[in-house]
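The values are calculated or read from the model by the stated rules, or taken from the named source; none is laboratory data. Just so it is clear, the model here is predicted, and its values are computed rather than measured. All Cβ positions, even for glycine, are placed from backbone atoms using ideal geometry, and neighbour counts span all protein chains on display. The area values use the complete protein model at the heavy-atom level, side chains included, leaving out ligands, DNA and RNA. Shrake-Rupley method; radii C 1.70, N 1.55, O 1.52, S 1.80 Å.
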Amino acid sequence: MAHPVLLLACALALLAYSSVASAEIVEHTFHVKNLTVNRLCTQQVINAVNGRLPGPTIKVHEGDTLVVHVFNESPYNLTIHWHGIFQLLSGWADGPAYATQCPILPGNSYTYRFNITGQEGTLWWHAHFGWLRATVHGALIIRPRKGYSYPFKKPSIEVPILLGEWWNGNVVDVGNQLLPNNSDGYTINGWPGTYKLTVKPRKTYLLRIINAALNNQFFFKIGGHNMTVVAVDASYTAPMVTDVVVVGPGQTTDVLVTFDQPPASYYMAARPFESNVAAPFDNTTTTGIIIYENCEPSTPLMPTLPAFDDIAKAFQFSSSLTGLVNGPHWMPVPLKIDEHMFVTIGLGFSPCESATCSSPFFPPAMRISVSMNNASFQFPTKLSMLEAFFNNVGGIYTTDFPDNPPLVYDYTNVETSFDPLLFGTFKSTKVKRLKFNSTVEMVLQNTAFVGFENHPMHLHGFNFHVLAQGFGNYDPVNEPKQFNLVNPQIRNTIGVPAAGWAVIRFTANNPGVWLMHCHLEMHFPWGLATAFVVENGPTPSTTLPPPPPDLPQC
């Protein structure tokens, strides 16, 4: 009779072989170049991947290795970010310009190669240089490892739904103005009001909703149909039935929809959720048409959408989501905290860098700025931060990002907008250095400077648990009593409520340099960002490997 230990060893070896054998190498080639398209009765030259808007949908299984050869045939510098991918020990492939790599110059190329481990669901890829992601983006779908299934009944059909923005102009020029610029319309899968989806009656579809917009959050509804949320940001949720989905820039939401209504046509519609309607914004609504197969032509049923500034509806949706405990890749909340951070986020002003940057709308010799704890992030240009970390090069960044704001005050009192001691920000490249495997709890506190606004904050390299969120000033005595430590939602992008706060917690188990920034493109280049530099672990398997030989240089 075989020895029990030997049997166990053989079983584990067979299991490991089976996992490796089920994984594949998925390879794509991206040609990024000019493309002339017609939208909103306007012919416009855009930058797109492989002549498509949106770009190609990448489909992989958990455990696969993804290899993407990117050829920059556009007139602009370029990088690609794989939004939400952990990049475990592959930080060189994360993509943000000057953080993990220097840009791919026009006429050059770079191959992104990384393994997809411990994640399932809907993510996306996009350009991470200037405003190029307005048209350089696409879905990244991670299905369960072969031989495994969804934690819900398998849908009949899966459809990506990418919500975006459209400008009747060159988006690079628009972004370079560094001023609030509203889009000319919104899109569904690249089309402003003309996308059509034919569905089979009585079948259940999995709609993978992605907000690829630069500057707007959306309310999304389908006429006459409810939706069941089953995942956000490639993390499974406890099923939640809803008639409306709220999705911020960078966020994804997976919903199941059973098309069991009378055969006809129905609109799917998206309109912005704008917490600060006093500021100018594109107040249009975009639609797509869902048509039941073989039905008679009919006028589509339009859903009733919330008001643009329905903060209560948006908060109810976002705060009601919970994680799927013991579902695939579920991670319990870490209870021991090594780093406590309280970070204010919001608009402010910084000194002009030139004689022409001032504006009659701003204080004299000042320009609008955004910051975290009054530090307005400025990217280096001589060397990427990850190369500086790997090669121990000084002078690229400093490790003194503050754990707390410089002053304690009434953060959500609009009167603070007029206090020059509070709205001043300073350009710097300050990061937070973390020990490997340390746990971080961060309170993100919105402020009232220049008006209230919901800020979608995205963390590269990690997911985080959302322990709580609310309005007003965070109460460090009473709010922790309400923390959800049992089944909180897990995300990579959180919409911090306007005039409110959110508390997140994550474990820094991935060495490298990882951005945290606002996913509103109008705020990111103005400085609403910082980075975490996570030290190497104690073993070779927890140490960042050398950069690939074709890594772009500055």
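All conditions but one from (1) under 27 Å from residue 75 (Cα atoms); (2) of a type in the set (Gly, Ala, Ser); (3) open to solvent by less than 40 Å² (accessible area, probe 1.4 Å); (4) outside any strand (DSSP E or B) apply to residue 130; the one that does not is (3). Taking the conditions (1) in contact (Cβ under 8 Å) with a residue 40 or more places away in the chain; (2) open to solvent by less than 20 Å² (accessible area, probe 1.4 Å); (3) under 21 Å from residue 122 (Cα atoms) in turn, residue 227 satisfies each one other than (1).
Based on this model, can you work out whether residue 168 counts as surrounded by 18 or more Cβ atoms within 10 Å (Cβ to Cβ) and either touching a residue at least 40 places away in the same chain (Cβ under 8 Å) or under 21 Å from residue 270 (Cα atoms) (or both)? Considered against the rule, which asks whether it is surrounded by 18 or more Cβ atoms within 10 Å (Cβ to Cβ) and either touching a residue at least 40 places away in the same chain (Cβ under 8 Å) or under 21 Å from residue 270 (Cα atoms) (or both), residue 168 comes out as no. Residue 427 satisfies every condition listed in (1) within 17 Å of the chain's Cα centre (by Cα); (2) surrounded by fewer than 18 Cβ atoms within 10 Å (Cβ to Cβ) except (1).
What about residue 447, is it open to solvent by less than 10 Å² (accessible area, probe 1.4 Å) and at negative phi?
Considered against the rule, which asks whether it is open to solvent by less than 10 Å² (accessible area, probe 1.4 Å) and at negative phi, residue 447 comes out as yes.
Contact map, the range 328-351: first residue at pLDDT 95 or above, second residue open to solvent by 40 Å² or more (accessible area, probe 1.4 Å) and among the β-branched types (Val, Ile, Thr), Cβ cut-off under 8 Å, separation 6 or more or different chains; pairs are 333/486; 334/507. Summed over the range 64-78, residues that are open to solvent by 10 Å² or more (accessible area, probe 1.4 Å) and closer than 29 Å to residue 121 by Cβ total 3. Given the residues 415, 453, 441, which is the only one that is at pLDDT below 95, out of contact with any Phe, Trp or Tyr (no Cβ under 8 Å at 6 or more places or on another chain), among the charged types (D, E, K, R) and buried (at least 19 other Cβ atoms within 10 Å of the Cβ)? Result: 453 is the single residue among 415, 453, 441 that is at pLDDT below 95, out of contact with any Phe, Trp or Tyr (no Cβ under 8 Å at 6 or more places or on another chain), among the charged types (D, E, K, R) and buried (at least 19 other Cβ atoms within 10 Å of the Cβ). When every residue of the range 457-473 is checked against the conditions, at least one turns out to be under 20 Å from residue 231 (Cβ atoms) and touching a Cys at 6+ places or on another chain (Cβ under 8 Å).
Among residues of the range 269-284 that are without any contact (Cβ under 8 Å) to a residue 60 or more places away in the chain and of a type in the set (S, T, N, Q), those with a beta-carbon under 7 Å from a residue that is outside any strand (DSSP E or B) and surrounded by fewer than 23 Cβ atoms within 10 Å (Cβ to Cβ) at least six positions away or on a different chain give the pairs 283/308. Checked against (1) within 22 Å of residue 336 (Cβ to Cβ); (2) free of Cβ contacts under 8 Å to residues at least 60 places away in the same chain, residue 501 passes all but condition (1).
Filter the range 470-497 for residues that are over 22 Å from residue 91 (Cβ atoms), open to solvent by less than 10 Å² (accessible area, probe 1.4 Å) and outside any strand (DSSP E or B); which is modelled with the lowest pLDDT? Once the filter is applied, the top-ranked residue is 497.
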